[in-house]
1. Rounded to the nearest 0.05, what FRET efficiency do residue A:117 and residue A:5 give with R0 = 25 Å and r taken as the Cβ-Cβ distance? Could you check?
2. List the chymotrypsin sites (Phe, Trp or Tyr not before Pro) in the range B:1-103 that DSSP assigns to loop (not H, G, I, E or B) and whose Cβ has at most 13 other Cβ atoms within 10 Å. Which are they?
3. Checking the cross-link filter: which lysines have an alpha carbon closer than 23 Å to that of residue B:102, excluding same-chain neighbours under 8 positions apart?
4. 5 Å is the cut-off here: which amide hydrogens, built 1.01 Å from N in the peptide plane, fall below it relative to residue A:94, excluding neighbours closer than 5 in sequence?
5. Collect residues whose amide H, placed 1.01 Å from N in the peptide plane, falls under 5 Å from the amide H of residue A:48; neighbours closer than 5 in sequence don't count.
6. For the range B:6-14, what does the Karplus curve 6.51 cos²θ - 1.76 cosθ + 1.60, with θ = phi - 60°, yield as ³J(HN,Hα) per residue in whole Hz, taken in order and with x for Gly and Pro?
7. With springs only between Cα atoms under 10 Å apart, run a GNM on chain A and tell me which of A:64, A:41, A:20 wobbles the most.
8. Report, in debye and to the nearest 20, how large the dipole of the protein assembly as shown comes out about its Cα centre when Lys and Arg carry +1 and Asp and Glu carry -1 on their Cβ.
Amino acid sequence: GAVVSQHPSWVICKSGTSVKIECRSLDFQATTMFWYRQFPKQSLMLMATSNEGSKATYEQGVEKDKFLINHASLTLSTLTVTSAHPEDSSFYICSAPGTRAFRETQYFGPGTRLLVL
Amino acid sequence: AQKVTQAQTEISVVEKEDVTLDCVYETRDTTYYLFWYKQPPSGELVFLIRRNSFDEQNEISGRYSWNFQKSTSSFNFTITASQVVDSAVYFCALIASNQGGKLIFGQGTELSVKP
């Protein structure tokens, strides 16, 4: 089946630094990828939709200047948390639909745990 | 607006008991897709099932079964003869056909199966 990878799986950083998380579709092309955030004991909340070759679409309440998304190729989307603060500590998960019609299962990456000290 | 509700926040059972996880959804779209995912402590989401809105047949896969009822907007998940390895958080989710592939997740149900 389709595989989505994320890198890094764990990151610990100091407050004020920027952190980049990569999401790759390994054996299929993804013109669209989704970024989710999950706080402990909570559900996954969609942050933004990453579109290859165009600007990302952010959900209400998500700061686009803080969470920079770049979808430079059909297999790679990156999420950069700029000037990270402790409240940004969370589990970040990306996903990619298997087909353009979105009818197929979305394939999830293994997630990235971010801890901001 | 789309919404998924999993009213059971936590469930605790003893091994070999049957357990049903409830899921109720809301959507105005006639074409939509429902999913169940398992999230073990590692965090990685494990796909369990996808069902489209036009297919109300129940499905069984081993110890897992799903009951989809459009009349009550429910998509419940039953684990028969639960095992300790079933302990995880389970999410029900919805994609509506005109929502660009956005998955809307329920709050999740944390299942604890004790030996």
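Bear in mind these aren't lab numbers, they're just calculated from the coordinates by the rules spelled out. Here the structure is a predicted model, which is why all the values come from computation and not from measurement. Because the Cβ atoms are built from the backbone with ideal geometry, glycine has one as well, and the counts that use them run over all protein chains shown.
1. E(calc), rounded to 0.05, equals 0.45.
2. Hits after loop and neighbour filter: B:54.
3. Cα-Cα hits under 23 Å: A:20, A:41, A:55, A:64, A:66, B:3, B:38, B:70.
4. Counting only residues 5 or more places away or on other chains, the set is A:36, A:109, A:111.
5. The answer is A:35, A:59.
6. For the range B:6-14, the Karplus curve yields 10, 5, 8, 7, 9, 9, 10, 10, 9 Hz.
7. Result: A:41 has the largest fluctuation of those listed.
8. 420 debye
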